[in-house]
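Below: the structure, in structure tokens.
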Amino acid sequence: MVLVALALVVTIAVPAAQGTAQEQPSEVQESIGFRPYVDVTLNEPITPFDDRSLNPADGVVMAFVVANPASPCDPSWGALHPLDLAESELDLDGRVERYRATGGDIVVSFGGAINDELAVTCTDPAQLAAAYQQVIDRYQPAAIDFDIEGDALFDTETNSRRNLVIAELQRQTGLPVWFTVPVFPDGLPEAGLVMIEDAIRAGVDISKLNIMTMNFGTGTTRTVDVVTNVIGLTHAQVVDLYASLGQPRSAETVWATMSATVMVGQNDVRPDQFGVDEAPQLVSFGEGVGLGHLSMWSLARDLECDRPGPILSGFCSGVEQDPSEFGATLSQYVGVSPSPWWLTRDLSAAQAGLSPEQYVGLASLARGARSVFGSTPLPQ
């Protein structure tokens, strides 16, 4: 009875600003455990992510939307293709629809290592929000990702402006928001922690914190061992960060809101290589800790080069492998979705987006649900 009543209250308590249920990404979409990156502007024609014989994954991360150099508040793919041009020259919209018809979903990633993320050049918050909304309306992604790295990670003014716009956009749409950030062998750099803290303070509900577990330059250890160690160190940092902000999250919840992206094959930094024999170990690690999501850079690299390696290329992995072998292994990962807030943590009515009357009813049922499932009850 607790479960039935609770589901009913959740259904009617969603504020109007978050849209109808049909407009929201489904639980199935958000629970996809593996999405490879598709480098949209790497080559023409684009990597055929809609071809399931080449891409076994049920989701992809499309990268990267950045500012149009000719018009700073207009989005483009890789500063090369405004959205209309991406359709006419790359058949991007068509590929997205064909992929969806096979059951696939997409995440759109803004930013990346080169070019300018929209918030860098578009300094008016209203115009910036409109630029993000234009991309959302066109591609209807399951989530949006913000890949902030390099000098952009240290641009606190831009990061704060972006975070405020994202928070408001999320309140209006209910769309899951990801952040993708670099990590070192000892975890998140200070600039990454500062940016994530600012996002949380701005009110962004971070659905996934995706860390780029690549290019460590260690060389003496199997890359997967370094990767899994870094994921664990980052997890501890994130648990501490939420606690320091007075928003404690359980270790289990933080694991479920984390993602890790590996660079398959030869990494940019030699002698780092992530081999096909290491992918199963990463899957096992994720299953063991309850990691939310895995990804790889990139779908276009998931095949063997046509000459002996090691080779660093955007079009092949530089290691011995069968075609799509990395994707076939990593797509076996199911992933973990975090529990709803009413089972894991306490929020005020305003934070939950509910009226005081709705909050009282939901909180009462949450106490019962937590009692049933053995979670810590709400304070009386």
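Structure notes:
- Between segment 216-235 and segment 269-298, the alpha-carbon center distance in angstrom: 10
- Amide proton proximity set for residue 105, modelled H, under 5 Å, gap of 5+: 59, 60
- Each Lys or Arg adds one and each Asp or Glu subtracts one; over the other residues with Cβ under 12 Å from the Cβ of residue 117, this totals -4.
- Under 5 Å, built H, 5+ apart or other chain: amide partners of residue 68: 74, 76
- In this rough spin-label picture, where each label sits 7 Å from Cα along the Cβ direction, the residue 89-residue 134 distance is 1.6 nm.
- Prolate/oblate/rounded label for segment 37-86 (Cα gyration tensor, a/c 1.5): prolate
- Shape of segment 118-179, Cα gyration tensor, a/c cut at 1.5: prolate
- Between segment 306-321 and segment 168-184, the Cα center-to-center distance that results, in Å: 33
- Rounded to 0.05, the FRET efficiency of the residue 54 and residue 154 pair, given R0 = 41 Å and the Cβ-Cβ distance, is 0.60.
- Here's the picture: a label point sits 7 Å out from the Cα of residue 168 along the beta-carbon direction, and within segment 102-134 the residues with their amide nitrogen under 17 Å of it are 118-134.
- The H on the amide N of residue 146, modeled in the peptide plane, is under 5 Å from the matching H of 110, 178, 179, 180, each at least 5 residues off or on a different chain.
- Global geometry of segment 104-245, whether rounded, prolate or oblate, following the gyration tensor of its Cα atoms and the 1.5 cut on a/c: prolate
All of the numbers you see were taken from the coordinates with simple rules; none came from a lab. As the structure is a prediction and not an experimental result, all values here were calculated from the model. Positions of Cβ are backbone-derived with ideal geometry, glycine not excepted, and every protein chain shown enters the neighbour counts.
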